[in-house]
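Below is one structure, written out as structure tokens; comments come after it.
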Amino acid sequence: MSQKILATVEASSLKTEVPSFAIGDTVDVHTRILEGEKERIQIFNGVVIARSGSGSREMFTVRRIVAGEGVERKFPLHSPKIAKVEVKRSGVSRRAKLYYLRDRVGKSVRLREKRDETATAEAAGKKAGKAGGRKPAAAKS
């Protein structure tokens, strides 16, 4: 009974258009900031290292390096303060949480980029064309 009530209350605070991004993606998080009576948008750029929670309590963690120091921020996914989440680059990850990136420095922090399906299909077509052009060696008697 109480779960149904909670679900109906939470439904009103959920965003209709939830941005689609995954762990390992490099994203720009556009946050609304109130300064006095003015509102401006500040962009936080980094790699998504974790997602947690569900429903209106869903959070995601973004990590970036600023002046050689790691900075992490947790954002509520359905918050009205989040204007938009823009995916800049999709990274390949084999884990649900990328906390191991906290120990890394320099180029080892980078993740491999996820390839588009169209680009891989074209590359596979080119490889198949090259393999068929080769003739077998003549048999010696």
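Within segment 42-65, how many residues are farther than 21 Å from Arg112 by Cα and either among the charged types (D, E, K, R) or out of contact with any Ser or Thr (no Cβ under 7 Å at 6 or more places or on another chain) (or both)?
So the answer is 7.
Please go through segment 52-61 and give me each residue that is surrounded by 15 or more Cβ atoms within 10 Å (Cβ to Cβ) and touching a residue at least 40 places away in the same chain (Cβ under 8 Å), ordered by number.
Scanning segment 52-61 gives a single hit, Ser56.
With (1) surrounded by 15 or more Cβ atoms within 10 Å (Cβ to Cβ); (2) among the basic types (Lys, Arg); (3) more than 18 Å from the chain's Cα centre (by Cα) as the list, and Arg64 as the residue in question, which single condition is left unmet?
Single failed check for Arg64: (3).
Scan Val71, Val29 and give me the residue that is surrounded by fewer than 17 Cβ atoms within 10 Å (Cβ to Cβ) and assigned to a strand (DSSP E or B). Show your work before the answer.
Values: Val29 fails: surrounded by fewer than 17 Cβ atoms within 10 Å (Cβ to Cβ).
Criteria check complete, one pass: Val71.
Which residue is surrounded by the most Cβ atoms within 10 Å (Cβ to Cβ), if the candidates are limited to segment 76-92 and must be of a type outside the set (Val, Ile, Thr) and under 12 Å from Phe60 (Cβ atoms)? Reasoning before the result, please.
Here is the first cut: in segment 76-92, the ones of a type outside the set (Val, Ile, Thr) are 76-81, 83-84, 86, 88-91.
Next cut, under 12 Å from Phe60 (Cβ atoms) only: 76-79.
Details: Pro76: 15, Leu77: 21, His78: 18, Ser79: 15.
Selected residue: Leu77.
Need the failing condition index for Gln3 against (1) surrounded by 11 or more Cβ atoms within 10 Å (Cβ to Cβ); (2) among the polar types (S, T, N, Q); (3) farther than 30 Å from Leu101 by Cβ, just the number.
The single condition Gln3 does not satisfy is (1).
Can you confirm whether Thr118 is at pLDDT below 90 and not in a loop (DSSP other than H, G, I, E, B)?
For Thr118, the condition - at pLDDT below 90 and not in a loop (DSSP other than H, G, I, E, B) - is met.
Across segment 47-68, what is the number of residues that are in a loop (DSSP other than H, G, I, E, B) and either in contact with an Asp or Glu (Cβ under 9 Å, 6 or more places away or on another chain) or on the phi > 0 side of the Ramachandran plot (or both)? Outline the logic, then answer.
Let us first name the residues in segment 47-68 that are in a loop (DSSP other than H, G, I, E, B), namely 53-54, 58, 67-68.
So of that shortlist, the ones also either in contact with an Asp or Glu (Cβ under 9 Å, 6 or more places away or on another chain) or on the phi > 0 side of the Ramachandran plot (or both) come out as 53, 67-68.
Going through segment 47-68 one residue at a time, the tally reaches 3.
Of the numbered conditions (1) of a type outside the set (Lys, Arg); (2) at pLDDT 90 or above; (3) out of contact with any helix residue (DSSP H, G or I) (no Cβ under 8 Å at 6 or more places or on another chain), Val47 satisfies every one except a single condition; which is it?
Looking at each condition in turn, Val47 falls short on (3).
Would it be correct to say that Glu10 is among the acidic types (Asp, Glu) and surrounded by 10 or more Cβ atoms within 10 Å (Cβ to Cβ)? Write out each step before concluding.
Values: among the acidic types (Asp, Glu): yes; surrounded by 10 or more Cβ atoms within 10 Å (Cβ to Cβ): yes.
Answer is yes for this residue.
Test Arg102 against the stated conditions and say whether it is surrounded by fewer than 16 Cβ atoms within 10 Å (Cβ to Cβ) and either touching a residue at least 12 places away in the same chain (Cβ under 8 Å) or part of a helix (DSSP H, G or I) (or both).
Values: surrounded by fewer than 16 Cβ atoms within 10 Å (Cβ to Cβ): yes; either touching a residue at least 12 places away in the same chain (Cβ under 8 Å) or part of a helix (DSSP H, G or I) (or both): yes.
Yes, satisfied.
For Lys88, state whether it is assigned to a strand (DSSP E or B) and closer than 30 Å to Gln3 by Cα. Talk me through it step by step, then tell me what you get.
On the way: assigned to a strand (DSSP E or B): yes; closer than 30 Å to Gln3 by Cα: no.
Considered against the rule, which asks whether it is assigned to a strand (DSSP E or B) and closer than 30 Å to Gln3 by Cα, Lys88 comes out as no.
Quick check on this structure: which one of Glu39, Glu35, Glu17 is within 12 Å of Lys81 (Cβ to Cβ), without any contact (Cβ under 8 Å) to a residue 24 or more places away in the chain and either under 24 Å from the mean Cα position of the chain (by Cα) or surrounded by fewer than 13 Cβ atoms within 10 Å (Cβ to Cβ) (or both)? Step through it out loud before you land on a result.
Values: Glu35 fails: within 12 Å of Lys81 (Cβ to Cβ); Glu17 fails: within 12 Å of Lys81 (Cβ to Cβ).
Glu39 is the lone residue from the list that is within 12 Å of Lys81 (Cβ to Cβ), without any contact (Cβ under 8 Å) to a residue 24 or more places away in the chain and either under 24 Å from the mean Cα position of the chain (by Cα) or surrounded by fewer than 13 Cβ atoms within 10 Å (Cβ to Cβ) (or both).
The values are calculated or read from the model by the stated rules, or taken from the named source; none is laboratory data. Since this is a predicted model, take the numbers as computed values, not measurements. Ideal geometry is used to build each Cβ from the backbone, glycine not excepted, and the neighbour counts take in all protein chains shown.
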